Amino acid sequence: MKTLSKITAAFLSLAMVVSMAACSSSKSNDPSSVVSTETQKVKTEINVGALYGPTGVSMAKLATKKQTFTNAYSDGSNEYINNYNTTYATEPTEIVGLLSSKDLDVACVPTNLAAKLYKVTNGNIKVAAVSTLGVLYMIDTSGTVKSVADLAGKTLEAPSSVQGSNPEYIINYLIAQNNITDANVSYQYSADELAAKIVSGDVSTIMLPEPKCTAVKNQLTKAGVEFTVTDLQAEWSKVSDTEVAQGVVVVRADWLEKNEGAFKTFLSDFDASSDAAVNDLDNTVSQVVDLGVIPNETLAKQAIPNCNIVCKTGEEMKSAVSAFIQVLFDADPKSIGGAIPDDAFYYIG
């Protein structure tokens, strides 16, 4: 009897093991019981806008690669990989039109324009990064203007294209901070016309952004004309504790709401693109020339180091932009659309 009981117990134990194995096998073959740990790849087309000049330089690697080239952002479930369609424009107004028509999702624009867009779009524009600090310089052939303080009683010629934008407000602020009341800033000529006129001697003191400034310096040197250059960023530092946060990256809020993961990958790529513009000059020179951002390699190589390209995001971005906007507002409220943007203007991430 004891032997029979032992046999019966062994048989029952074996049956239970087989049953449990069968259940385990059944569960492993049931798709609903499998927990996937594989991250899904989310691919997004992002339409990006930039201006010819410094902001175009900061976008050069991103525009050339045309797709994510850094570590894509992952939220644990999804990995966001982007394709980039980059549009370059000559004037900020072109970028405004493309943002308004929703043909662009992300763009580089002057800081004061970003503030104006925030107001007129009822908050549908957010600033996410500082892309360029100051890019303005004065060139003088008279030998009498070596700082903003020397503009007293003189005329400074500036390109007609910058009137109503950051450069106008920056130079007005610098003149006011130097307690000058009799300087005249004229906006009657294009940048190319100013280049010809200072070489010919028709004007003696001009203000230009890069890379136009470097192009004019080269022409003056070739013509044997002596000149001095004043860095207006250095002049700003003399009278203000803020940075010249002249250019920013903006994003449409309605697009961002649906594509935040993709945008975070964009910011990573943009940061790498900006870093390349500063630290990988030879490749950047080749890229900007191929893209038509700067016309030739010699000019690009000389001008890019003077473009003050950066990528400031998060709280660092907010601090720089808000301080700069406050300065513009105090100088002329109309420069930023009449009102200082609230905190919703800033995408901290």
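When Glu168, Glu297 are compared by accessible surface with a 1.4 Å probe, the order from highest to lowest is Glu297, Glu168. Simple rule: put +1 on each Lys or Arg Cβ and -1 on each Asp or Glu Cβ in the chain, find the dipole, and look at Thr86, Val216, Thr68; the Cα lying farthest toward the positive end is Thr68. Comparing mean-square fluctuations of Asp105, Asp231, Asp330 from a GNM of the chain with C-alpha springs under 10 Å, the top value falls on Asp330. With the cut-off at 1.5 for a/c, could you classify the chain from its C-alpha gyration tensor as rounded, prolate or oblate? Because a/c hits 1.5 or more and a/b exceeds b/c, the chain counts as prolate.
From helices alone, the chain scores -14000 deg cm²/dmol at 222 nm; the rule is -39500 (n - 2.57) for each run of n ≥ 4 DSSP H residues, then divide by the residue total.
Rolling a 1.4 Å probe over the protein heavy atoms of segment 54-195, with every protein chain left in place, gives an accessible area that is 43 percent carbon and sulfur. Note on the chain: with charges restricted to the Cβ of Lys and Arg (+1) and Asp and Glu (-1), its dipole about the Cα centre is near 1340 debye.
Comparing Ala129, Ala183, Ala320 in a Gaussian network model of the chain (Cα springs below 10 Å), the most mobile by mean-square fluctuation is Ala183. A cut-off of 5 Å between modelled amide H atoms, ignoring neighbours fewer than 5 places along the same chain, links Ala89 with Ala50, Leu51, Tyr52.
With a ≥ b ≥ c the root eigenvalues of the C-alpha gyration tensor of segment 139-187, is it rounded (a/c under 1.5), prolate (a/b larger than b/c) or oblate? Oblate is the answer for segment 139-187, as a/c is 1.5 or above yet b/c matches or exceeds a/b.
The Cα center of segment 231-262 and the Cα center of segment 303-335 differ in position by 5 Å. In this Cβ point-charge picture (+1 for Lys and Arg, -1 for Asp and Glu), segment 211-288 has a dipole of about 360 debye about its Cα centre.
For Glu157, the residues whose amide H sits under 5 Å from its own are Ser186, Thr205, Ile206, Met207, ignoring neighbours fewer than 5 places away on the same chain, with H placed 1.01 Å from N. Note on Thr265: accessible area is roughly 0 Å² with a 1.4 Å probe, heavy atoms of protein only. Using protein chains only and a probe of 1.4 angstrom, how many square angstrom of Tyr73 are accessible, to the nearest 10? About 80 Å², rounded to the nearest 10.
Accessible surface for Thr242 stands near 30 Å², nearest 10, in the context of the full protein assembly shown (1.4 Å probe). Surface listing: Trp236, Trp255 arranged by accessible area from highest to lowest gives Trp255, Trp236, probe 1.4 Å. Near Asn82: Cβ cut-off under 13 Å, other residues only, Lys/Arg at +1 and Asp/Glu at -1. The net charge is 0.
Dipole magnitude for segment 122-189: computed about the Cα centre from +1 point charges on Lys and Arg Cβ and -1 point charges on Asp and Glu Cβ, it is near 220 debye. Sorting Glu226, Glu45, Glu91 on solvent-accessible area from highest to lowest, probe radius 1.4 Å, gives Glu226, Glu45, Glu91. When the chain is described by a simple charge dipole with +1 on each Lys and Arg Cβ and -1 on each Asp and Glu Cβ, the residue from Ser165, Ser131, Ala196 located farthest towards its positive end is Ser131.
The values are calculated or read from the model by the stated rules, or taken from the named source; none is laboratory data. Remember, it's a predicted structure, so these values are computed and weren't measured experimentally. Backbone-built Cβ (ideal geometry, glycine too); neighbour counts: all protein chains shown. Please note that ligands, DNA and RNA were not included when accessible areas were found on the heavy atoms of the full protein model with its side chains. Shrake-Rupley method; radii C 1.70, N 1.55, O 1.52, S 1.80 Å.
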